[in-house]
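Structure, as structure tokens:
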Amino acid sequence: MAGHGIAYVEVYAKDKQRTAQYLVSALGFACVADSVAPGRSSLLLRHGAASLVVTSGPATWGFLDAHGDGIADIALHCTDVTTTAERALRAGAREVGSARGNPILAGAGGMTHTLLPAGHTRSGRPGGHRWARLPQSPGRTAPVARLEGVTTGVGATNLQECVRLYEEGFGLTPRRPRGDSAPERTPRAVELAGPQGGMTLTFAASEPAAGLRHGASPQPTATDRAEQRLTFRADDIARAARELQEAGVEFRPPVPSGQTAGHHTRPHLVGTSEHLGDTLLVELARHGGDPDAFGDDELQALYQAVGRHRLATR
């Protein structure tokens, strides 16, 4: 298996300082380093073992115009970068550049993937950047336990073709389709992970699949603004939801598991914040235990309780 899993997630933002500060203050990330390169500057955030890079600058403007603030690159670490790149190109990916000698391939949903050697994390910082360490101060207690993964919509592209590209090309393994356990139903979202575990990548189809030529790389239109989510696990999801609401997250009414709304329907809470833009959302799921044991009634009661807390604190 050439691919190991997700090394880090890179978010393009109109204002990296504002976005990073919100992730630190509201979700308990630590800002540990910065990097400056021609056309861009980045901040490295950490949440447990997960690394998130927030980048702004002229090099990001094309993506921001087409997609808004969101996940632009998911770096993958590989046992053999050359082999992974060759497999991905055969599966339909396109090479679009390189970063410090590491190939960058276009994938699905408007994202790219920087391929990094598996040992790049020995320094404790993602490869492909020149990092300068930032002074640290005691952080607040995070309302969430960990950053579990990311979800991105793929618009009208073929979900199964996306899954094939990432399984055959990048070596990620599909897990069970979220929210669609009946075999006769077409999955609306599929979660993938590397053989070494770590963060997950979920693709969600928001429209009926249009069908693509086998081997074609699924690409969005220039005006595609599909939603993306940062998925967090919380030991106490009610407390986490209340704290995030106080930090400016507006939670949406939960969708019953029998209804699809373009994304997976396993019980979760999804919210938006003006600090993260219109297309980058926060998703909360319960940490530990059987995730499916937390059903529609419990989720609806939680949403109502969070709403009552908001009214009481106004």
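Remarks
- Accessible surface of segment 1-152, 1.4 Å probe, proportion on carbon and sulfur as whole %: 51 percent
- Sequence-distant residues sharing a close amide H with N158 (under 5 Å, placed H): A210, G211
- In order along segment 229-238, phi translates into HN-Hα couplings of 10, 9, 9, 10, 9, 10, 5, 10, 5, 5 Hz, rounded to whole numbers, per the Karplus curve 6.51 cos²θ - 1.76 cosθ + 1.60 with θ = phi - 60° and x for Gly and Pro.
- Virtual spin-label span in nm between D80 and T141, 7 Å along Cα→Cβ: 4.9 nm
- Nonlocal amide H pairs with R146, under 5 Å, H built at 1.01 Å: R233
- Structural descriptor for segment 65-119: relative contact order 43 percent, calculated from alpha carbon pairs under 8 angstrom and at least 6 residues apart.
- Under 5 Å, built H, 5+ apart or other chain: amide partners of G70: Y12
- Cβ-defined net charge surrounding R87, 11 Å radius [Lys, Arg +1; Asp, Glu -1]: -3
- Filtered trypsin sites (Lys or Arg not before Pro), segment 75-110: DSSP coil and at most 12 other beta carbons within 10 Å: R100
- In sequence order, segment 40-53 has phi-based couplings of 7, 9, 9, 10, 9, 10, 10, 9, x, 8, 8, 10, 10, 9 Hz under the Karplus curve 6.51 cos²θ - 1.76 cosθ + 1.60, θ = phi - 60°, and Gly or Pro positions carry x.
- Karplus (6.51, -1.76, 1.60) ³J(HN,Hα), θ = phi - 60°, over segment 13-21, in Hz, Gly and Pro reported as x: 9, 4, 9, 5, 5, 5, 4, 5, 4
- Per residue accessible area in Å² of segment 39-90, where ligands, DNA and RNA are left out and the probe is 1.4 Å: 35 Å²
The values are calculated or read from the model by the stated rules, or taken from the named source; none is laboratory data. Being a predicted model, the structure only gives us computed values, none of them experimental. Quick reminder, even Gly has a Cβ in these numbers, built from the backbone with ideal geometry, and neighbours come from all protein chains shown. In case anyone asks, the SASA skips ligands and DNA or RNA and just uses the protein heavy atoms, side chains included. Shrake-Rupley method; radii C 1.70, N 1.55, O 1.52, S 1.80 Å.
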